[in-house]
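Below is one structure, written out as structure tokens; the observations come after it.
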Amino acid sequence: GGHAKIRKAVAPIKVATGEMCQNRIMFKQFIAGGAIDVVQIDSCRMGGLNEVLAVLLIAAKFGLPVWPHAGGVGLCEYVQHLSMIDYVAVSGTKDGRVIEYVDHLHEHFIEPCVIRDAAYMPPQAPGFSVEMKAQSIEDYLHRA
């Protein structure tokens, strides 16, 4: 396919892609087709945590790192958990792993992500850290 041709043409530069994929089937096609070096999931585009877990397992089977996309509002709060799941339950390594960080709108979350020494710190509360403050919801609620 086209992405495999691009990967071959730009080697030894690694290709990170997948933000447009909605499910594990699309990722499996990219990975099995030799079109990807770094699996870049967009957790909000995926069909939920089960799809993300399936992609983590497929990537591990092929020896590929997963770098979650985290550019949108609340994505940093969410993807920190996905990378920690990858480390604790799937890959067992932080080597070659990167998590995107965008310093944008974290003040609207009850448990915003914490970065220390260029690394995400483990959240201290249960859940996925994406609960928004009531005042932020009220301030930005669109009323017709």
- Message: Neighbour counts of other C-beta atoms within 10 Å: give me CYS44, CYS76, CYS21 arranged from fewest to most.
- Response: CYS44, CYS21, CYS76
- the range 77-105 to the range 1-57: how many Å between their Cα centroids? 16
- Task: For every other residue with a beta carbon closer than 11 angstrom to the beta carbon of ALA54, add +1 if it is Lys or Arg and -1 if Asp or Glu, then tell me the sum.
- Result: +2
- Percent relative contact order for the range 56-95, counting Cα pairs under 8 Å at least six residues apart, stands at 38
- Task: Please list, or write none, the lysines whose alpha carbon is within less than 19 Å of the alpha carbon of LYS14, excluding same-chain residues fewer than 8 places away.
- Result: LYS5, LYS28, LYS61, LYS94
- Using only the Cα atoms of the range 2-106, construct the convex hull and provide its projected area averaged over every direction, in square nanometres to one decimal. 6.4
- Query: If each residue's Cβ is checked for other Cβ atoms within 10 Å, how do SER136, SER43 rank with the fewest at the top?
  - Reply: SER136, SER43
- PRO123: net charge of surrounding residues, Cβ under 15 Å, Lys/Arg +1, Asp/Glu -1, itself excluded? -2
- Lys and Arg at +1, Asp and Glu at -1: add these up for the other residues within a Cβ distance under 11 Å of MET20 and post the number. -1
- Task: Counting other beta carbons within 10 Å of each Cβ, put ILE58, ILE137 in order, fewest first.
- Result: ILE137, ILE58
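We did not get these values from a lab; they are worked out from the coordinates using the rules stated. Computed from a predicted structure; not experimentally measured. Positions of Cβ are backbone-derived with ideal geometry, glycine not excepted, and every protein chain shown enters the neighbour counts.
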